[in-house]
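Here's the structure we're looking at; comments come further down.
The values are calculated or read from the model by the stated rules, or taken from the named source; none is laboratory data. Every value quoted in this text rests on a predicted model; they were computed, and no experiment measured them. A quick note on method: Cβ atoms are made from the backbone with ideal geometry, for glycine too, and the neighbour counts reach across all protein chains shown. The protein model used for the area step is the full one, side chains on, heavy atoms only, and it has no ligands, DNA or RNA in it. Shrake-Rupley method; radii C 1.70, N 1.55, O 1.52, S 1.80 Å.
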Amino acid sequence: GAKFFKFAKDSGIVDSKVTRTKIDLLFSKLKVKGQRIIGFKRFEQSMADLAKLKYGDPNEVSKILELVQTSEVRSSGTKAESVRFHDDKSTY
């Protein structure tokens, strides 16, 4: 669920009309009961469902795929600062 939402958010699919709740409900509808993941076939089905949520028409899959292809990958990780005793080999 969380990774599917991150995918939708990073792709630019999420906006004021397509909210986290709607994405979570869509994911819950797609996954098999008792599992926490969806397979590739169900992921492909989700593209039509996302198009219906965002544009009102499930035939607008090409617009969703265009959003996905033109999106940038974002990292929420941090970069460590340099530490003199670790990074400076002359202090060993």
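The accessible area of VAL73, taken with all protein chains in place and a 1.4 Å probe, comes to roughly 150 Å². What 222 nm value per residue comes from the helices of the chain, counting each DSSP H run with n ≥ 4 as -39,500 (n - 2.57) and dividing by all residues, nearest 500 deg cm²/dmol? When only DSSP H runs of four or more count, the value is -16500 deg cm²/dmol. Taking a ≥ b ≥ c as the square roots of the eigenvalues of the alpha carbon gyration tensor, the range 12-52 is oblate, as a/c is not under 1.5 and a/b does not beat b/c. Within the chain, the longest run free of exposed loop sites, counting GluC sites (Glu not before Pro) that sit outside DSSP helix and strand states (H, G, I, E, B) and have at most 12 other Cβ atoms within 10 Å, spans 1-71.
State in Å² the accessible area per residue of the range 1-41; use a 1.4 Å probe, count heavy atoms of protein chains only, and round to the nearest integer.
Value returned for the range 1-41: 71 Å² of accessible area per residue.
For the chain, with all protein chains in place and a probe radius of 1.4 Å, 54% of the accessible heavy-atom surface sits on carbon or sulfur. Taking 28 Å as the straight-line reach from the Cα of LYS9, the lysines in range (excluding those fewer than 8 positions away in the same chain) are LYS17, LYS22, LYS29, LYS31, LYS33, LYS41, LYS52, LYS54, LYS63, LYS79.
Between LYS33 and SER71, what FRET efficiency comes out of the Förster formula 1/(1 + (r/R0)^6) with R0 = 41 Å and r the beta carbon distance, rounded to 0.05? The computed FRET efficiency comes out at 0.85. SER71 contributes about 40 Å² of solvent-accessible surface, heavy atoms of the protein only, 1.4 Å probe. Ligands, DNA and RNA aside, THR70 has an accessible area near 100 Å² when probed at 1.4 Å. If a/c stays under 1.5 just call it rounded; otherwise compare a/b with b/c (prolate if a/b is bigger, oblate if not). Do that for the chain, with a ≥ b ≥ c from the square roots of the Cα gyration tensor eigenvalues. Taking the square roots of the gyration eigenvalues as a ≥ b ≥ c, the chain is prolate.
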